[in-house]
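These notes are about the structure you will find just below.
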Amino acid sequence: MTQPISVHSQDYADWSSILQSLETAVQYKWRVPHMNYSFSLGNLLSISPELEAHIARSQLVTAMFVFNELFVDKANAMNFVRTIVRCLQPNAYFLLVDSAGSFSSVKVGSNSYMAYMFFDSLAAYFKPVIQEDSKWFRHKPALEYPLPVENMRYFVRLYRRKQ
């Protein structure tokens, strides 16, 4: 029997009402027979001992379409980066996916940097596995959805924590 996959999500919005539907969809779509799914309500900029513990025991930590917003508060965003560096176990992965538009840059002094450059500069701690500065997601023209859906350009970084 294989080990169950454990997934923990954290957000500042309460998703608890849809967790069972999400777990069922993942199990069906990806044929995952055993899965433990948990959720906590919280802000990534307020690092808690519980969040540090989740990061420390994870094989994969993701930050998807949140990183640019974190840098509105640069000091606490850098604290989040330090927490990932400090708590992520060796050989675990950090996946960073976000918009690749001009609003994805972070201003430091008089210079602007793409958000992923912070992790790219941490070569002593992370080995890049996937580095794509610009990918396009284009939806099918016939897609119908209650809200307008736009094509988007995004970047992808997958890092492995070094020993």
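If S110 meets every condition in (1) open to solvent by 70 Å² or more (accessible area, probe 1.4 Å); (2) in contact with a helix residue (DSSP H, G or I) (Cβ under 7 Å, 6 or more places away or on another chain) apart from one, which number is that one?
Every listed condition holds for S110 apart from (2).
Would you point out which residue out of Q3, Q27, Q20, Q89 is touching a Lys or Arg at 6+ places or on another chain (Cβ under 8 Å) and open to solvent by 30 Å² or more (accessible area, probe 1.4 Å)? Outline the logic, then answer.
Values: Q3 fails: touching a Lys or Arg at 6+ places or on another chain (Cβ under 8 Å); Q27 fails: touching a Lys or Arg at 6+ places or on another chain (Cβ under 8 Å); Q20 fails: touching a Lys or Arg at 6+ places or on another chain (Cβ under 8 Å).
Testing whether each residue is touching a Lys or Arg at 6+ places or on another chain (Cβ under 8 Å) and open to solvent by 30 Å² or more (accessible area, probe 1.4 Å) leaves just Q89.
Mind listing just one residue for me: the one in the stretch 113-125 that is open to solvent by less than 50 Å² (accessible area, probe 1.4 Å) and part of a loop (DSSP other than H, G, I, E, B) and, of those, farthest from F155 (Cα to Cα)?
Of everything passing the filter in the stretch 113-125, L122 is farthest from F155 (Cα to Cα).
With respect to K135, determine if the residue is surrounded by fewer than 11 Cβ atoms within 10 Å (Cβ to Cβ) and either basic (K, R) or more than 15 Å from the chain's Cα centre (by Cα) (or both).
Judged against the criteria, K135 is not a match.
When you scan the stretch 60-119, how many residues do you find that are over 15 Å from the mean Cα position of the chain (by Cα), farther than 13 Å from I47 by Cβ and of a type in the set (G, A, S)?
Matching residues across the stretch 60-119 total 6.
List the number of the failed condition for P128; all other conditions in (1) free of Cβ contacts under 8 Å to residues at least 40 places away in the same chain; (2) surrounded by 11 or more Cβ atoms within 10 Å (Cβ to Cβ); (3) assigned to a helix (DSSP H, G or I) hold.
Evaluating P128 over (1) free of Cβ contacts under 8 Å to residues at least 40 places away in the same chain; (2) surrounded by 11 or more Cβ atoms within 10 Å (Cβ to Cβ); (3) assigned to a helix (DSSP H, G or I) leaves (3) as the failure.
Are there any pairs with C-beta distances below 8 angstrom linking a residue in the stretch 39-59 that is more than 16 Å from V85 (Cβ to Cβ) and without any contact (Cβ under 8 Å) to a residue 12 or more places away in the chain to a residue that is surrounded by 13 or more Cβ atoms within 10 Å (Cβ to Cβ) and basic (K, R), with the two at least 6 apart or on different chains, and if so which?
none
Which residue is farthest from P128 (Cα to Cα), if the candidates are limited to the stretch 67-86 and must be open to solvent by less than 50 Å² (accessible area, probe 1.4 Å), among the aliphatic types (A, V, I, L, M) and modelled with pLDDT of 85 or more?
Looking at the filtered set, the residue picked out is A77.
What about S6, is it touching a strand residue (DSSP E or B) at 6+ places or on another chain (Cβ under 9 Å) and more than 21 Å from P128 (Cα to Cα)?
yes
The values are calculated or read from the model by the stated rules, or taken from the named source; none is laboratory data. Values in this document were obtained by computation on a predicted structure and should not be read as measured data. Please note: Cβ atoms are built from the backbone with ideal geometry, for glycine as well, and neighbour counts cover all protein chains shown. The area values use the complete protein model at the heavy-atom level, side chains included, leaving out ligands, DNA and RNA. Shrake-Rupley method; radii C 1.70, N 1.55, O 1.52, S 1.80 Å.
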